[in-house]
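The block underneath contains the structure these notes are about, expressed in structure tokens.
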Amino acid sequence: MDLTFVPVPSPHIADYIVIVIFLCICMGIGVYYGYQDKKNPTLENYFFGNRQLLFAPVAMSIFVSFFSAISLIGFPAEIYMFGIRIMTFIFGYAVSLLLVNVTIVPVLYPLKLISIYEYLQLRFNSKCVRLVGTVIGMIQTFSYIGVSLYAPALALQVVAGIPLWVSIVVIGVVGTIYTAIGGMKSVVWTDVFQCVVIFIGLLVIVIKGTSLMGPHHSVFGIAYEGGRLEFFNFDLDPRVRHTNWGLFIGVIFNQMPSWCNQTSVQRILSLRNLRSAYKTILLVIPIVAISYGMVGYLGILVYSYYNAVKCDPIQAGFISNFNQLTPYFVMDVLRSLPGFSGLFISCVFSGALSSFSSGINALSANTMEDIIGDFVKNSKIISQSLTAKLLVFLYGMAATGLAYGISFMPGSIVQIVAVAFGACGGPLVGLFFLGGMIPKANWKGALVGSVMAMMLNIWIAVGGIFYGKRPVKLAQNPTSGCFPGNLTVTMNGSSMYSYDTTTSLYDITGNLTMSQSDPTTSSKGFFLYDISYTWYGLIGFLLTMIIGTVVSLSTGGDRDESVKVHLIFPVCRKLFGLKSNSTNESEDKTLSLMPPNATNGDSLISYSEGEEPNVPTL
């Protein structure tokens, strides 16, 4: 009897039950903290949980916010297509965390600010610089959460039969509701739950996929023969997409925007003391190493699995985009375990919800404090807490709409996110480091440097997406097992596929051309468009620092740096021989922050750690 192709099945009813339970728990956490905080409806409580959060949950929350569905779906697909070299980024990721622990954290934490961009106004005595930093940071955050919504929706649309709009709306609505109701406490504790779900889901997928390979197929052996384990490339040409230099040095500055934006720093400022802030950042490093190690292995496993069954689902046309590869693999290998595919979909929703909820909460905080803060605070009619919740709702709906527009952008989702963080984040990091590293830097240098760097970086990044040369894919898996002449392909004693020979291979259209005969390596435009996206963050950072320093020195520098020593990074205070206003350099020192037009006897903020600061309205 002729056998016909059996596609990857749609989710079982048990899978939908698991998904519903997961979403209900997320909503329940938001409702719980919303009810708990009714008695204290202040911005301090809503945005920072009264600054009494614990370091371990906050570390898990920071990790999940930037791990997201993009990493869960995108990294295995990236390894499948281009190899394991991208995992070099873990070292750059770790260095960026260590760097922020000796620069950003010891300066921003003691200030107890609501918006981190307030630092820019205090440092440069300029509301304009603060506004520029806010706009850059909000563009970065908004674009990131848009991609974090679109990525899982795209993948699940084909392989799980869930329409694109359904996934986007479900994630958007659920994330918006629990964030609006519960504030920062809801975001953090929901992230903790989602972090646990992600690790359990990854573990199940890796164990089940490896067991299907059986003793006769070596996961690493097949990957090695297919060129997926080529880790080293020390080419100095910045136009090479992935080199160890770009994935280490470049990623440091592509990742630094994660730690210099409202989303992550807001969590750091929610902790009880500075020591907890240091511990939180350090705890993120092993969590990142373990999680991305599992994701990296998953990418190798997916390649080896489809090599063993001799059926590349991309080349065979079973999926239209390589970003759908990981969900396809999961639905494939877990088809015999009802409910576990739902666990994976919950993992995808976990990453998306975490990034989404964190982002809209941060955007609301920035809008309240940096843009409409004075108007709301001076109004006797408008409630601050109600306005913050309304802004969360509006940003949630706007980001949900943005997710649809991203479908027209070419490139892998990993690359799109890196472009957003590098192009926008590089100048933003440069702005903070200009203020923290260069005592003579003034508002003119900060403004000119950041704006010029932003414009140049966006020009290069957008040109690179549409006109830069496309990456060269490694040799793809065969498709002979997909159409073996009415045969059933088996592996490890289990029936995996059945096909009819009338099934035809069709052209694939998606974010990247998957045709093996068209590697498209030539550039269509300016040579700068060929620069690897891994360098965008460093380019923006250096442009801001160099232009900002030159303009500052050319315009007389900052003549008041002596009264703002505590706004300079501690390591740079020692380098420049600057003395702190406090009498001792310990963690418990008293800090005194000067307002823009103050004399040495005036103080805007004065407190010792452990005390509640009296922060006036800016």
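Computed FRET efficiency, Cβ-Cβ of residue 32 and residue 384, R0 35 Å: what is it to the nearest 0.05?
On the way: r = 22 Å, r/R0 = 0.64.
So, using R0 = 35 Å, E works out to roughly 0.95.
Each residue in 297, 46, 467 was given a count of other beta-carbon atoms within 10 angstrom of its own, and listing them fewest first yields 467, 297, 46. Using only side-chain charges placed at the Cβ, +1 for Lys and Arg and -1 for Asp and Glu, the dipole size of segment 2-132 relative to its Cα centre rounds to 740 debye. Ordered by the count of other Cβ atoms within 10 Å of each Cβ, fewest first, 541, 356 give 541, 356. Using only alpha carbons, segment 269-337 has a radius of gyration to Kirkwood radius ratio (Rg to Rh) of 1.25. Putting +1 on Lys and Arg Cβ atoms and -1 on Asp and Glu Cβ atoms, find which of 68, 52, 88 reaches farthest to the positive end of the dipole of segment 1-141. Of the options given, the answer is 52.
Using per-residue counts of other Cβ atoms within 10 Å, averaged over each peptide, order 528-540, 16-28, 60-72 from highest down.
Working: 528-540: 24.6, 16-28: 17.2, 60-72: 26.4.
Highest mean packing first, the order is 60-72, 528-540, 16-28.
According to the calculation over all Cα-Cα pairs in segment 185-231, the P(r) per 10 Å bin from zero is 22, 28, 26, 17, 7 %.
The simple Förster model, with R0 at 22 Å and r as the Cβ-Cβ distance, assigns residue 459 and residue 546 a FRET efficiency of 0.80. The simple spin-label model puts a point 7 Å past each Cα toward its Cβ; for residue 131 and residue 559 those points are separated by 2.5 nm.
Packing, as the average of other Cβ atoms within 10 Å across residues, places the peptides 330-338, 261-269 in the order 261-269, 330-338, highest first. By other beta-carbon atoms within 10 Å, ranking 96, 143, 186, 357 with the fewest at the front produces 143, 96, 186, 357. With a/c under 1.5 counting as rounded, go ahead and sort segment 234-361 into rounded, prolate or oblate using the C-alpha gyration tensor (a ≥ b ≥ c being the square roots of the eigenvalues; past the cut-off, prolate if a/b is larger than b/c, else oblate). Verdict is oblate for segment 234-361. Length available on full extension from residue 290 to residue 169: 0.36 nm per residue minus the Cα-Cα distance, which gives 40.4 nm. A P(r) calculated from all alpha carbon pairs of segment 139-208, with 10 Å bins opening at zero, reads 17, 37, 39, 6, 0 percent.
Quick note: the coordinates plus some simple rules give every number you see, no bench work behind them. These numbers come from a predicted model, not from an experiment. Don't worry about glycine lacking a Cβ; one is built from the backbone with ideal geometry, like all the others, and counts go over all protein chains shown.
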